[in-house]
Amino acid sequence: MSKPAAEEQLATKVVTPQSLVTEEEIKAALRLDKGSDALLKSWSMVDFTKKGDNYACVVSSVQVQYSLNEENMEVVYIAKLNPCRHVKDLEKMTSVMFRKESEFYLNLVPELNSVLTEVGQKALRFPKCFHGCMDKTKEVILLEDLRPQGYQMFDRRRGLDVAHITLILKELGRLHASSRLLQAKTPDQDLAVSHDFLVPDIFADESMGFRDVFDRQLDQSIELLERFGGYERSIAWVKSLKLEFVKLMKKHLGRSKYNVVCHGDCWNNNVLFRYNDDGEPVEVMLLDLQINRLSSPATDLIYLMYTSLNGEVRIPNLNTFLDTYYDTFNTVMEAAGMNMIFTRSELLKEFWSMNGLGAIYAMAVVPFVLLEPEDTPDFNKAENMEELLIEVKEKTLEAIDKNPLMKQKFLSVFDEMMDLGLIP
């Protein structure tokens, strides 16, 4: 083979997400985790996630053998990797998402934990982060493996129950409150200045490509409601949302008088739980901070409530859930000797002011939540966003006929909003 031909073949070699991890990155993670005396001996990639577990990136693991103080040891890191989809209209979004998550873990979390421990509160429940590479198209984040501690994902298709959602709400309350404590340290400098990665909003920024996703999902929802029949009011409402949803997203996901650091993508697959011997959830870990933002706490609450709960859990318990969140937030503020930033009634009003946002989230996310793993579209094979969204629609329409839970969960959102008078 001639030299030019060989060079061309090398240049066109398929890059896989797993191939992005380098020895230097493993060494950097090992130094931060085990100290400078830890010596890398060998390492290998081991995939473990299932189809449908992750959407925005590829998640794998790295088994690392090392020596420390003349002892041979092993550690496993979780690797979040650029999915290498080579879809042009997703490249900017992917780059921004990895930067947001890496800087959140490595720079912001230590500051949030510092202000919490200063007032006698426990550190936030996030996995430790040991390395972040932000080279464009080669992004890699190496995290603590929580599996040995017993943490596991809850089946997204079942919908979270009271015990699981309560743990998440308490941790969101602590996250949100800690950001108010941190902001109070520098009253003359906004957190969005010292941590500028909080500013780009993946959902609201039209250049990120999510407008097409939401637009398609709203069209799909109209088609589903027409198929089910009896939802003419809801159809008219969704059509009106479709005309205004860009403005709506920018309004609600922008800055707020109750600004806090928000998770941004807090739903079933982005949390892990640890259980006791009776199978009861006792601890939670928040994951996947790729859509973090500085905004109203209600943006996190409404996203969680309408993507991860069935109507029979959400509707009768909503006020109790918001009280749980409020009480946890207030506990942190009282520990710091600071006043609460909103009353219970103001929180409730803020939450319901975003009902349109909740419906949009439900329409966009619920089909993904309820698809069986084997029916989940292969995000890594799509060549463009249009192709991906067409496959999502086809899979959803197929699944809605054979999965009664999907129909029930989808329609419960509209039933609830009509009962509350939110759909005219």
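Solvent-accessible surface of protein heavy atoms, probed at 1.4 angstrom with all chains present, puts Glu111, Glu118 in the order Glu118, Glu111, largest first. Taking only the Cα atoms of segment 147-240, the radius of gyration and Dmax are 20.1, 55 Å. The figure for His164 is an accessible area of roughly 10 square angstrom, using a 1.4 Å probe on the protein chains alone. Heavy-atom accessible surface of Lys100, to the nearest 10 Å², is about 0 Å², with a 1.4 Å probe and all protein chains retained.
Computed over neighbours whose Cβ is under 9 Å from that of Asp288, the net charge equals -1, Lys and Arg +1, Asp and Glu -1. Give the distance, in whole Å, between the Cα centre of segment 402-424 and the Cα centre of segment 145-181. Each part's Cα centre sits 25 Å from the other's. The tail of the calculated P(r) for segment 60-156 beyond 19 Å holds 58 percent of all Cα-Cα pairs. Between Lys239 and Glu398, what is the FRET efficiency for a Förster distance of 30 Å, r being their Cβ-Cβ separation, to the nearest 0.05? FRET efficiency, Lys239 to Glu398: 0.75. Between Ser42 and Tyr258, the FRET efficiency estimated from the beta carbon spacing at R0 = 60 angstrom works out to 0.75.
Rounded to the nearest 20 debye, the dipole magnitude of the chain is 620 debye, with +1 charges on Lys and Arg beta carbons, -1 on Asp and Glu beta carbons, and the Cα centre as origin.
Please identify the helices of the chain, taking whole runs of DSSP H, that span at least 15 Å along their own axis as judged from the Cα atoms and have a mean Kyte-Doolittle score of 0.0 or higher. Correct list, ordered by number: 162-185, 297-308, 355-370. Legend: P(r) of the chain from all alpha carbon pair distances, 10 Å bins from 0, whole percents, reading 4, 20, 31, 27, 13, 4, 1, 0. The residue among Gly229, Leu287, Leu40 whose Cα reaches farthest toward the positive pole of the charge dipole of the chain, with charges on the beta-carbon of Lys, Arg, Asp and Glu, is Gly229.
Exceedance of the 29 Å cut-off in Cα-Cα distance is limited, within the set Lys185/Lys257; Lys100/Lys185; Lys41/Lys128; Lys27/Lys136; Lys138/Lys251, to Lys138/Lys251. Note on Asn107 and Ile315: with the Förster distance fixed at 35 Å, the Cβ-Cβ geometry gives a FRET efficiency of about 0.35. When the chain is described by a simple charge dipole with +1 on each Lys and Arg Cβ and -1 on each Asp and Glu Cβ, the residue from Leu108, Val76, Asn270 located farthest towards its positive end is Leu108. Sorting Asp190, Asp135 on solvent-accessible area from highest to lowest, probe radius 1.4 Å, gives Asp135, Asp190.
The values are calculated or read from the model by the stated rules, or taken from the named source; none is laboratory data. This one's a predicted model, so the numbers in the text were calculated from it and none came from an experiment. All Cβ positions, glycine included, derive from the backbone under ideal geometry; neighbour counts span all protein chains shown. When the accessible area is computed, the model is the full protein with side chains, heavy atoms only, and any ligands, DNA or RNA have been set aside. Shrake-Rupley method; radii C 1.70, N 1.55, O 1.52, S 1.80 Å.
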